[in-house]
1. Based on what the data block shows, is ASP36 in contact with a strand residue (DSSP E or B) (Cβ under 9 Å, 6 or more places away or on another chain) and surrounded by fewer than 10 Cβ atoms within 10 Å (Cβ to Cβ)?
2. Are any of the residues in the range 70-89 surrounded by 11 or more Cβ atoms within 10 Å (Cβ to Cβ), assigned to a loop (DSSP other than H, G, I, E, B) and not acidic (Asp, Glu)?
3. Do we have ALA97 as open to solvent by less than 90 Å² (accessible area, probe 1.4 Å), among the small types (Gly, Ala, Ser) and touching a helix residue (DSSP H, G or I) at 6+ places or on another chain (Cβ under 7 Å) here?
4. Under 9 Å between Cβ atoms, at least 6 apart or on separate chains: pull out the pairs that start in the range 6-24 with a residue that is touching a residue at least 40 places away in the same chain (Cβ under 8 Å) and end on any residue that is surrounded by 11 or more Cβ atoms within 10 Å (Cβ to Cβ) and among the hydroxyl-bearing types (Ser, Thr, Tyr).
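The values are calculated or read from the model by the stated rules, or taken from the named source; none is laboratory data. These numbers come from a predicted model, not from an experiment. Because the Cβ atoms are built from the backbone with ideal geometry, glycine has one as well, and the counts that use them run over all protein chains shown. Ligands, DNA and RNA are stripped out before the accessible areas are found, and what is left, the full protein with its side chains, is counted by its heavy atoms. Shrake-Rupley method; radii C 1.70, N 1.55, O 1.52, S 1.80 Å.
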Amino acid sequence: MSDETEIKVRRMLQALEHQIVEINKRNIREIAGDIDAAQILQLAEAISVCRARYLKAALAMVVHHDGEIRIEVGADLIEERRAYHEALRGFNALRHALTRGYFVLNEDG
């Protein structure tokens, strides 16, 4: 690729990136609304509860039966893991959006 083509491609990608940021800003504001620190802390609290429930379910999968120790994975463990991991993914997406400038924390909340 020539230097001139490389420069054109780089400029085009920068323009696209700027447009993508603007699209994300618009959609997050329209759909999620204003986001404040209290909401982020509420989500962090909920994740902590999910983590605790998941750990409790993980500890409960150890079963003592006839002198043997074994692992039994139940539906509750899987459900708690999914809840925890999805909540954590949501939190990470929120942090990513904040660091990318897709929204500004509302300081009035």
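1. Taking the combined requirement at face value, the residue does not satisfy it.
2. Yes.
3. Working: open to solvent by less than 90 Å² (accessible area, probe 1.4 Å): yes; among the small types (Gly, Ala, Ser): yes; touching a helix residue (DSSP H, G or I) at 6+ places or on another chain (Cβ under 7 Å): yes.
Criteria met by ALA97.
4. Close Cβ pairs (under 9 Å, with a partner that is surrounded by 11 or more Cβ atoms within 10 Å (Cβ to Cβ) and among the hydroxyl-bearing types (Ser, Thr, Tyr)) amount to VAL21/TYR102; ASN24/TYR102.
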